[in-house]
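Heads up: the structure comes next, in structure tokens.
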Amino acid sequence: MDNEYPPLKRHESLQPFSRDHFIALRLARDLSAAALGDEATALNARQGFLAAWRLEIEAHFDEEERWLSPLMRPEETERMRGEHSRLRRLAVQEVVPEKEGELKNWCAVVGRELHDHVRWEERVLFGAIQQRATPEQLQAVGRATAEIESRRPGCRKRGPGPRERKTPAPVACCHGSSGDF
Ligand SMILES: [Fe+2]
Ligand SMILES: [Fe+2]
């Protein structure tokens, strides 16, 4: 299934979402690593995830559903919404750090599910969307994602935006040069 669509350079209109994915994957790796470490590391990873959740991941899910669902097939929408719902529930789930294994188990589950969700979007879904969408549809998504990215606190910390860059930004893509997807 992962190979259904050939590797594509990420379309400009989807790059803001891909830049969010870069952050999400880093958080997922931290959570998965913390699940194998001590309690203090796990608590730190959970707090890092929750801070990012409140700042941008929660909004990212809402924005993907709003802007990408019209360009998706029913089964893709069902999968995306289902995985978002599960991660939303996990993000607000109470964890009792004193309870043996509960915190590390939470880190393991969120780390794995966030990683798998982002990888599917990058390796399958976004390629499918940019192949089937019309140029006009992608332009409309691009206007929305540019505006969304201008409001991302995480993005502002990551350096100059596309308008300020003198050279083209590195393309965050599942098969791109960064190799992170
Ligand atoms: Fe998503
Ligand atoms: Fe996403």
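Could you check the range 122-147 and list, in sequence order, the residues that are under 18 Å from Met80 (Cα atoms) and outside any helix (DSSP H, G or I)?
Ala133
Taking only the range 10-46 into account, find how many residues are closer than 24 Å to Glu63 by Cα and acidic (Asp, Glu).
2
Could you please find all residues in the range 32-49 being more than 10 Å from Lys104 (Cβ to Cβ) and surrounded by 17 or more Cβ atoms within 10 Å (Cβ to Cβ)?
Answer for the range 32-49, where residues must be more than 10 Å from Lys104 (Cβ to Cβ) and surrounded by 17 or more Cβ atoms within 10 Å (Cβ to Cβ): Ser32, Phe49.
Which of the residues that make up the range 19-36 are at pLDDT below 95 and not aromatic (Phe, Trp, Tyr)?
If the condition is that a residue be at pLDDT below 95 and not aromatic (Phe, Trp, Tyr), then Arg19, Asp20, Ile23 are the ones that fit.
Being β-branched (Val, Ile, Thr) and closer than 28 Å to Phe126 by Cβ is the filter; apply it to the range 20-65 and report the residue that is farthest from ligand 2 (Cβ to nearest atom).
Ile23
Considering (1) surrounded by fewer than 20 Cβ atoms within 10 Å (Cβ to Cβ); (2) within 13 Å of ligand 2 (Cβ to nearest atom); (3) aliphatic (A, V, I, L, M), say which one Leu68 fails and leave the rest.
All conditions pass for Leu68, except number (1).
Looking at the range 84-121 only, could you name the residues that are more than 14 Å from ligand 1 (Cβ to nearest atom), surrounded by fewer than 18 Cβ atoms within 10 Å (Cβ to Cβ), of a type outside the set (A, V, I, L, M, F, W, C) and assigned to a helix (DSSP H, G or I)?
Arg89, Glu102, Asn105, Arg112
Among the candidates Asn3, Asn44, which residue alone is at pLDDT below 95 and of a type outside the set (Asp, Glu)?
Asn3
Identify, please: which residue in the range 30-58 is within 16 Å of ligand 1 (Cβ to nearest atom) and without any contact (Cβ under 8 Å) to a residue 60 or more places away in the chain and is, among those, farthest from Val92 (Cα to Cα)?
So, considering only residues that are within 16 Å of ligand 1 (Cβ to nearest atom) and without any contact (Cβ under 8 Å) to a residue 60 or more places away in the chain, the one farthest from Val92 (Cα to Cα) is Ile57.
Would you check if Arg81 is more than 11 Å from ligand 1 (Cβ to nearest atom) and either in contact with a helix residue (DSSP H, G or I) (Cβ under 8 Å, 6 or more places away or on another chain) or modelled with pLDDT of 95 or more (or both)?
no
The values are calculated or read from the model by the stated rules, or taken from the named source; none is laboratory data. Every value quoted in this text rests on a predicted model; they were computed, and no experiment measured them. Cβ sites come from the backbone with ideal geometry, for glycine too, and all protein chains shown count toward neighbours.
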